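First the structure, in the form of structure tokens, and then the observations on it.
Bear in mind these aren't lab numbers, they're just calculated from the coordinates by the rules spelled out. Since this is a predicted model, take the numbers as computed values, not measurements. Positions of Cβ are generated from backbone atoms using ideal geometry, with glycine treated the same way; all protein chains shown enter the neighbour counts.
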Amino acid sequence: MSEQQIFEFDQKPPIKGFPELRWTGKRPYRSTVYFPAQIRERYGSEAKDGWINRIYWGDNLQVMSHLMKDFQGKVDLIYIDPPFDSKADYKKKIALRSQTVMNDSTAFEEKQYGDIWTNDEYLQFMYERLILMRELLSNTGSIYLHCDWNKSHYLRCLLDEVFGTDNFRNELYWYYYNKMPDTRKGIFPRSTDTIFWYAKERSQAVFNPLREQREQPVKQLVRKKIDGKMVNARDALGNIMYRMSETRVIDNVWRLSMLQPADKTQNLFYPTQKPESVLERIINASTNPGNIVFDCFMGSGTTQAVAMKLGRRFIGADINLGAIQTTTKRLISIAAELDKPQLSLLSGGKKSEAGAVKYESGDNKTLLVAEKTGGFQYDDEYPAHKIENTEDYGEPPKYTGFEVYNVNNYEFFRNPVEARQLIIDMYQIQPFGAGNVYDGELDGRMVKIMPVNRIATPADLEELKANLPYKTFDKRKEENPNEPVERITIICMGHTPDLKGSLELELADYRMDIEIWDILRDKERQFKREAEADIAIEGGRLVIRQFYPLNLMQKLSLDKEFVEDWRQLAESVMIDWNFDGVVMEPAVTDVPGKNELVKGIYDIPKTAGTIKVKITDLLSESLEAEVRV
């Protein structure tokens with residue numbers, strides 16, 4: 001199949017009286033092209049039922065365009081926690097491992113991404129991605145969009161436009177009751193987020209009602225249906241019947257705690273990380289085991305972690321390498337736990353009268369029933385879930401293996417925030433503030449920085465063309481017809497040959513001076529200092545003698561001679577003893593705890609061939625090296 005395969009989207013016809021959100025530069029999004037992906041790593045068990053989970057590093061617009069080839073109309077649930085336009089920079093604290101005393105030389109804050117947008121840019125960004133998500137959803141699928149007060153009103157309008165008002169299901173409110181209230185702002189403290197739930201096709205959407213434990217049992221009337229009507233049940237003497245209820249139906253207000261710094265079970269200290277309890281409800285409510293769950297704003301990988309635990313298949317994506325590394329490490333740990341026995345047989349292994357075997361989950365709370373048919377359901381008041389191909393009344397199948405891909409060879413920068421600032425600093429560009437069509441000025445030329453996570457194409461110029469100051473151009477043209485109305489420098493990481501020509505053709509009414517700067521061809525500047533390592537084979541063991549992640553060391557103002565123990569700079573070590581030259585399949589995953597260090601010395605199996613070593617530092621940047629036995 002050609003890499004330029006085009007996918008066109010069905011266009012919803014305009015409906016009389018239907019409101020539509022408008023913004024400056026709104027562009028219809030009617031098609032996309034296929035983007036290639038390159039598999040880099042494989043972890044865990046082999047494919048189960050022909051499936052292995054997938055993690056993608058790249059722009060999620062390109063990731064979803066890639067997925068259109070095999071997954072159009074096949075995704076069962078999409079959950080996204082996209083940028084909120086919170087006007088904040090989100091940072092993660094980076095600290096040397098096993099340090100008890102932190103100071104400026106052993107810790108710093110690393111910017112993960114900036115959540116600062118102009119309104120028009122944000123709406124176009126979300127509009128295009130929501131259309132692709134609609135195309136990926138199955139007819140029984142649902143999308144849950146997590147947001148807050150900053151853009152919830154706009155996002156509701158976008159969802160109505162893309163999915164249709166008839167497919168709106170719920171507006172959910174997550175009430176994080178344990179948040180410390182801030183009373184300094186002169187308003188009622190904010191303690192809620194909003195989650196919009198839309199179906200692809202309302203009448204076909206999967207929904208499993210959920211229940212939760214009450215704080216105190218309550219006395220309730222017993223109701224039953226007679227002649228199609230619900231009436232109060234009575235006993236043989238005609239007395240109204242009651243029962244004590246210990247659970248309640250979960251409604252649209254979810255009282256769930258937010259992650260606290262002291263949490264030692266989930267908190268990865270990743271900016272914007274959400275608790276697993278929120279995702280557990282969403283996944284249980286709108287999928288059945290074995291369904292495909294997708295999150296393209298993956299962050300710390302909470303969606304993928306919960307999906308793996310609940311026996312769902314999953315796909316994840318994020319543009320930040322830090323998110324990929326954090327999620328990978330998290331999933332490796334969960335997969336290892338799931339390989340251990342999780343269920344214990346109750347009642348001495350005796351089958352119930354219904355011919356089923358009861359099990360109790362590891363937390364001693366949830367009763368499960370494995371039926372002879374291979375089905376699997378919650379006991380008592382909990383909703384039934386069907387699973388195919390379970391054997392010997394065992395637990396639901398878990399999909400623990402996963403692969404990591406790059407989309408469109410996105411390898412140059414860790415994240416787009418760092419990339420833009422790095423380019424501005426490198427070329428000494430005078431930056432403009434948010435909302436300007438240009439990113440800055442250099443030597444009298446307006447500078448526009450293209451997305452650096454892919455090769456720039458004419459499609460990437462649409463936003464620029466939509467927001468150019470045409471009235472100013474007209475005035476300059478009238479005053480100086482022989483002079484360019486604008487001098488523009490476009491900076492990109494690779495570009496198609498028609499990039500400049502297409503822009504000149506579109507702006508043929510004006511005399512323009514356009515330059516293309518390709519940073520991949522700039523040999524005079526070094527954009528990233530590569531890591532260095534000394535790896536050797538000694539006495540049948542692989543020994544990492546030294547590891548110098550130069551970017552990290554520069555941020556710590558740390559010279560090589562002052563590195564006491566290189567392991568303090570390392571987040572993890574992965575080793576593939578028989579690297580095939582294409583896909584790394586680590587047999588060793590040395591991922592230590594928060595205040596522990598990697599081993600650094602590893603026994604080499606007798607069957608080892610070409611050894612691939614991947615050392616990841618505290619910035620989530622990696623050095624990869626091959627060693628031959």
Between residue 543 and residue 247, how many nm apart are label points set 7 Å from Cα along the C-beta direction?
5.9
List the residues, sorted by chain then number, that are 5 or more residues from residue 250 or on another chain and whose placed amide H is less than 5 Å from its amide H.
210, 211, 212
If amide hydrogens are placed 1.01 Å from N in the peptide plane, which non-local residues have theirs closer than 5 Å to the one on residue 405?
40, 55, 56, 57
Spin-label model distance (nm) - residue 513 vs residue 23, 7 Å beyond Cα toward Cβ:
3.4
Please report 197, 149 as a ranked list, fewest other C-beta atoms within 10 angstrom at the top and most at the bottom.
149, 197
Between residue 532 and residues 5 or more places away or on another chain, which pairs have amide H atoms under 5 Å apart, with H built 1.01 Å from N, and which residues are they?
548, 550
First check a/c for the stretch 144-229, with a ≥ b ≥ c the square roots of the eigenvalues of its C-alpha gyration tensor; if it is under 1.5, answer rounded, and if not, answer prolate when a/b is larger than b/c or oblate otherwise.
oblate
Which residue, 56, 29, 39, has the largest displacement toward the positive end of the dipole of the stretch 20-77 when charges sit on each Cβ (Lys, Arg +1; Asp, Glu -1)?
29
Once phi for every residue in the stretch 218-228 is put through the Karplus expression 6.51 cos²θ - 1.76 cosθ + 1.60 (θ = phi - 60°), the whole-Hz ³J(HN,Hα) values, with Gly and Pro written as x, are 10, 8, 10, 5, 8, 10, 9, 9, 10, 6, x
Packing rank of 123-132, 535-544, where each peptide gets the mean count of other beta carbons within 10 Å, highest leading
123-132, 535-544
Report, in listed order, any pair from 48/555; 12/151; 471/500; 398/612; 26/555; 48/274 with a Cα-Cα distance greater than 31 Å.
48/555; 26/555
Normalised by the residues of the stretch 509-629, what does the relative contact order come to in percent, with Cα pairs under 8 Å and at least six apart?
24
Using θ = phi - 60° and Karplus 6.51 cos²θ - 1.76 cosθ + 1.60, couplings along the stretch 547-563 (whole Hz; Gly, Pro as x):
8, 10, x, 5, 4, 4, 5, 5, 5, 8, 6, 10, 8, 4, 5, 9, 7
Going by C-beta contacts inside 10 Å, put 258, 244 in order with the fewest on the left.
244, 258
Residue by residue through the stretch 324-338, what is 3J(HN,Hα) from phi via Karplus (6.51 cos²θ - 1.76 cosθ + 1.60, θ = phi - 60°)? Round to whole Hz and write x for glycine and proline.
5, 5, 4, 5, 4, 4, 5, 5, 4, 5, 5, 4, 5, 5, 5
Rough spin-label spacing in nm, given labels placed 7 Å along Cα→Cβ, for residue 504 and residue 139
5.1
Listing 296, 492, 157 from the residue with the fewest other Cβ atoms within 10 Å to the one with the most, what is the order?
157, 492, 296
